[in-house]
1. For region 309-337, enumerate the residues that are buried (at least 22 other Cβ atoms within 10 Å of the Cβ), part of a strand (DSSP E or B) and not small (Gly, Ala, Ser).
2. So, of the residues in region 253-283 that are at positive phi and not charged (D, E, K, R), which turns out to be most open to solvent (accessible area, probe 1.4 Å)?
3. Return yes when residue 106 is modelled with pLDDT of 95 or more, open to solvent by 10 Å² or more (accessible area, probe 1.4 Å) and closer than 14 Å to residue 180 by Cβ and no when it is not.
4. As an exercise: evaluate residue 286 against (1) in a strand (DSSP E or B); (2) open to solvent by 10 Å² or more (accessible area, probe 1.4 Å); (3) of a type outside the set (Lys, Arg); (4) within 22 Å of residue 19 (Cα to Cα) and give the number of the one condition it does not meet.
5. Do we have residue 14 as in contact with a Gly (Cβ under 7 Å, 6 or more places away or on another chain), in a helix (DSSP H, G or I) and either without any contact (Cβ under 8 Å) to a residue 40 or more places away in the chain or at positive phi (or both) here?
6. Kindly establish whether residue 167 is exposed (fewer than 14 other Cβ atoms within 10 Å of the Cβ) and either under 29 Å from residue 94 (Cβ atoms) or in contact with a Cys (Cβ under 9 Å, 6 or more places away or on another chain) (or both).
7. As an exercise: evaluate residue 342 against (1) surrounded by fewer than 17 Cβ atoms within 10 Å (Cβ to Cβ); (2) not in a strand (DSSP E or B) and give the number of the one condition it does not meet.
8. Taking interchain pairs and intrachain pairs at least six residues apart, which have beta carbon atoms under 8 angstrom, with the first residue in region 294-308 and closer than 18 Å to residue 78 by Cα and the second modelled with pLDDT under 95?
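The values are calculated or read from the model by the stated rules, or taken from the named source; none is laboratory data. In this text, all values refer to a predicted model and were calculated from it rather than measured experimentally. Methodologically, a virtual Cβ is constructed for each residue, glycine included, from the backbone with ideal geometry; neighbour enumeration extends over all protein chains shown. For the accessible areas, the whole protein counts, side chains as well, though only heavy atoms, and no ligand, DNA or RNA atoms are used. Shrake-Rupley method; radii C 1.70, N 1.55, O 1.52, S 1.80 Å.
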Amino acid sequence: MTMRRFTVAERRARLGVRHRLAARAETAPEVARSLVALHGTDPASVYLAAAARMRSPDVAAIEGAMYCDRLLVRMLCMRRTVFTVPAELVPVVQAACTNDVARLERRRTLLFLEQAGVGGEAWLREVEDATVSALRKRGAAFAAELSADEPRLRERLVLAHGTKNESWPAVASRVLLGLAAEGRIVRGRPRGSWISSQFRWSPMESWLPGGIPDVPAEEARAELVRRWLTAYGPGTVADLKWWTGLNLTQVRKALARIGAEEADLDGTPGVVLAEDTGAQADPWVALLPGLDPTVMGWKDREWYLGGHGTALFDRTGNAGPTVWADGRIVGGWAQRPDGEVVHRLLEDIGAEASAAVTAEAARLGEWLGPVRVTPRFRTPLERELVA
């Protein structure tokens, strides 16, 4: 069999269509399904990523999908990162990634408890069960409310003892994180507006009736890898390993299970689904938020990022707001304190595309209205634009 070869231009064309940047969606769940999941570390990025890909973006509609219809679920998963996941994919993501995250976090919590002299496994499980019971009685609650119901949540841990980063967080932060990773509770509607990061907690069964169904781990990993290749492929094994957070053996087993094929990505070994038939896109531009799933979709980013990484990423690899044209990053944008959305192009994209970017910036500024969005992770260009 002849190995399939893909040029950078072909990969960029797929990106525009499959990521709903050249063919916009009607709803936020459609957007999330097209991207596997929406990056959720920064609450605002979920809304901005969805809005950039919707024909008629509306905050109330996105909120409704998340908190009324409950078609999207915020969960800790790939790379121990918070994503907003389509509800039907939650069992797959839980089995593929989050169960391993839960085990790791539990070991860390037990170590912190031991170091603080608070308690051990039995103490932790007792507090967890009491917390879930209190949450079921309330229906939904913030951490402070649960700490009033279960005072042991107010016990203090000591982190980074003896260093300049020493801190004394309450046990509640670790208990709630662990319960969420185990799929017993879920992050719900935030306090205040859609840019808030203070979330209420709810019992998982109130969000997904019956809780999260069990899926065999290898089956789940294969399905997650298949979905990534559908949305982001072709790509490299390193891309898959980085994005999923799985180890190399797990990735290779998943690829074999779904019958993925080897591919040549302009001289770099890659993988592709056998049924991948490609896609073509009309010219398009987009303003994508910090930590957008497209920006953060691959470990190797040179084919769409070029030499702009130092201006548009922070020192730990977090993306800031970016400007795109026809499958590549061409600049960055920011919102100033007065609400104006400003941008800077880092390469010549021609008069027509430049005008389209300006129009898109104006549209985004109008859509944001009185809301002011500051990215969770600040980047050099974003800081310059708002200075």
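1. 313, 322, 323, 324, 329, 330, 333, 335
2. Just the residues of region 253-283 that are at positive phi, to begin with: 259, 266-267, 278.
Keeping just the survivors that are not charged (D, E, K, R) gives 259, 267, 278.
Numbers: 259: 40, 267: 65, 278: 25 Å².
Per the criteria, the residue is 267.
3. Here the answer is yes, as residue 106 does meet what is asked.
4. (2)
5. no
6. no
7. All conditions are met except number (2).
8. Hits for this filter: 294/15.
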